[in-house]
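Q: This structure is in C-alpha cells; I'll ask about it shortly.
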Amino acid sequence: MFTNCSCSCGGDFSFSELIWQGLHTCEKLICTNCGKVRINSLEVNQSGIEPYIFYPNSELICDHEGNVVPDNWFSKKLKCLANPVIRDVDLEIKIINKFDRVLILNTLDYIYGHSFLYLLNLQRIIKSEKELGIIVIIQPMLRWLIPEKNVAEIWTVDLGFRDFNNFYPDLSVKINSELTRFKKVMLSKAYVIPTNENINIQAFTGIKPYNFLNEPSFPSITFIWREDPDRLWIRNIYLLKGFKKAGLGKLLIPFQYLRVIYLFRLLRRTIVTKFTYSVAGLGDFGKFPSYIRDLRVKRFTEDAEKMLCEIYSESTLVIGIHGSGMLLPSAHAGMTVSLMPSKRWGNFAEDILFTEKDVRLASFQRRIVPLNLSIFEIRDIIADMVTGRKQFIQKFIHTEDL
Ligand SMILES: [Zn+2]
C-alpha cells in the first residue's frame, strides 16, 4: 500500500503514518533528508477516480503526473489536513466476530449519498470475501443499514456529515490504534458506484421492495419531498440560484408545494385506477389536502427511515428531484421518476438503484427526465408508466418460442 518515492532534494520519502480524514484516507510521508511532507490520498473511494497528492507546506495539490490540481469539491478536502481541528472524536467499536486479518470498508464522507453508496459496496464484499473479517467504518446515521451478521466489526464515528469538511487528528490516532490488533489489514476499494449488479436492498434495510406480482391493496404514487434550496422542484434554475444566493431559497418552497398538489390533482383526473397519493421525505412545509397522505418526517432517525422505506416499498412509483434522497426510494419502489435539474447531467443515474435485470424493463421503470419539463408532460409520463407497464411487458418481454 505504501509508496516509495524520491523528494526533489534527492532524499527519499519514508512512511510516517496513516491519516483518516474522512473521504480521504492518506499515507503521510516525510523526506528523510529535508523533512518535506508529502501526503498521498490512497486510491480508494473517490480517490480511486481522482488520486491526488498534497504538500501541506506549500498547500499544493498535484495529480500523479505532477500537474497542479485546482480546487474542486474533492481536492480541497485535502487542504483541511493543514488546518486540523483539535478535539476528541468518539469512536465506538463493536466486535461481532474476532478476526486476525481484516478488510476495512471506509464509508466516511461529508455527503450522505456518498457514504451510503460506499456502504453498498458491502454487498459485493460479503459475496466474494470469505477469508478476511469485514470492518465497516460508519457514521451514526447509516449505522442501522449494516447487515451485522455478515461483518466482523463496526466502528462508529460520532461525527455528522458536515463535520467531514474538517480533519480531526484524534480520529486518525484512534483508528490507527485499533489497527494494531490485527496481523493483516486491507482497505476496500469502496467504489463510488458500488457494484455492477443490482443491490438487494432488503439485505440492508430489512424491507422487501415493491412486488408487482403481489401488489398492495392501495399502492401509492409518492412524491419524495426535500426543502433544501438546491433540490426544489423549480423549473427555472436561474431563479433558483438567484434566490439561493440571496439566502431566500425557502421562499420558493410554496411553489413546490403547489406544484405537487397540482400534479396529484392532474394524475387523479387522468388515471382511472385508484392509487393512494403520498408525500414522503424530509420537511414539513404546508398542509396537504385530505387525499394526499403526508408522511414526511422532520428529521431522519432509524425509526423514521424504516417507516419511509415501508412507504417506498408500497409505492408503485416514486417521483422526486435527482439526488441522494432518491437512493432508498428507487431501491424500494416499483418505478422511479427522477427529475434532473439543469447542469446536473454529469451525475446521470447516480441516484437510482436499479432492481431490473432486463435492460428494456429498466429503461421503462426508471426514468430520468429534465426537471424543467412541463407538469403536463410529467403527468403523461407517470400516467403511462403506471397504466402501461403490463402492456410494455407483453410487447417487449416474451419467451423464446419459435
Ligand atoms: Zn527532501
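Q: Using alpha-carbon positions, what is the distance between the centroids of the range 50-114 and the range 208-235, in Å?
A: 34 Å
Q: If you count the DSSP beta bridges with both ends in the range 91-197, what percent of them are antiparallel, to the nearest 5?
A: Counting DSSP beta bridges with both partners in the range 91-197, the antiparallel share is about 30 percent.
Q: If you don't mind, another one. Packing-wise, with mean Cβ within 10 Å as the measure, how do 117-125, 193-201 rank, highest first?
A: 117-125, 193-201
Q: Also, I was wondering about something else. With runs of 4+ DSSP H residues as the only contributors, calculate the mean residue ellipticity of the chain at 222 nm using -39,500 (n - 2.57) per run, divided by the residue total and rounded to the nearest 500.
A: Computed ellipticity for the chain at 222 nm equals -8000 deg cm²/dmol.
Q: So, one more: Computed over the Cα atoms, what is the radius of gyration of the chain divided by 2.2 N^0.38 Å, N being its residue count?
A: 1.10
Q: Starting from the Cα-Cα distance between Asn214 and Ile393, subtract it from 0.36 nm times their residue separation and give me the gain in nm to one decimal.
A: Result: 62.8 nm gained on full extension.
Q: On to the next question. Using the Cα centre as the reference, give the magnitude of the dipole from point charges on the C-beta atoms of the chain (Lys, Arg: +1; Asp, Glu: -1; all else neutral), rounded to the nearest 20 debye.
A: Once rounded to the nearest 20, the dipole reads 1240 debye.
Q: Over the chain, what is the mean sequence separation of C-alpha contacts under 8 Å (at least six apart), divided by residue count, expressed as relative contact order in percent?
A: Dividing the mean separation by the residue count of the chain yields 13 percent.
Q: I would also like to ask the following. Taking R0 as 60 Å, what FRET efficiency do you get between Lys149 and Asn33 from their Cβ-Cβ distance, rounded to the nearest 0.05?
A: After rounding to 0.05, the efficiency reads 0.75.
Q: Further question: Label points 7 Å out from Cα along the Cβ direction at Thr180 and Asn72: separation in nm?
A: 3.9 nm
Q: Under a point spin-label approximation (7 Å from Cα along Cα-to-Cβ), what is the Asp303-Tyr238 distance to one decimal in nm?
A: It works out to 4.8 nm between the two label points.
Q: Can you compute the modelled spin-label distance between Ser58 and Lys357, with each label point 7 Å from Cα toward Cβ, in nm?
A: Label-label distance for Ser58 and Lys357, simple model: 5.5 nm.
Q: Moving on. Of Leu105, Ile125, Ile93, which is farthest towards the positive pole of the range 91-142's charge dipole, taken about the Cα centre with +1 and -1 on the beta-carbons of Lys, Arg and Asp, Glu respectively?
A: Of the candidates, Ile125 comes out farthest on the positive side.
Q: Applying 1/(1 + (r/R0)^6) with R0 = 45 Å to the Cβ-Cβ distance of Met141 and Glu400, what FRET efficiency is obtained, to the nearest 0.05?
A: 0.45
Q: A further question follows. No partner Cβ under 4.7 angstrom, meaning no disulfide-compatible partner by this rule: which Cys of the chain qualify?
A: Within the chain, the cysteines lacking a partner Cβ under 4.7 Å are Cys5, Cys26, Cys62, Cys80, Cys309.
No lab work stands behind these numbers, since they all come straight from the coordinates. Because the structure is predicted, anything quoted here is derived from the model rather than measured. Glycine gets a Cβ as well: all are built from the backbone with ideal geometry, and neighbour counts include every protein chain shown.
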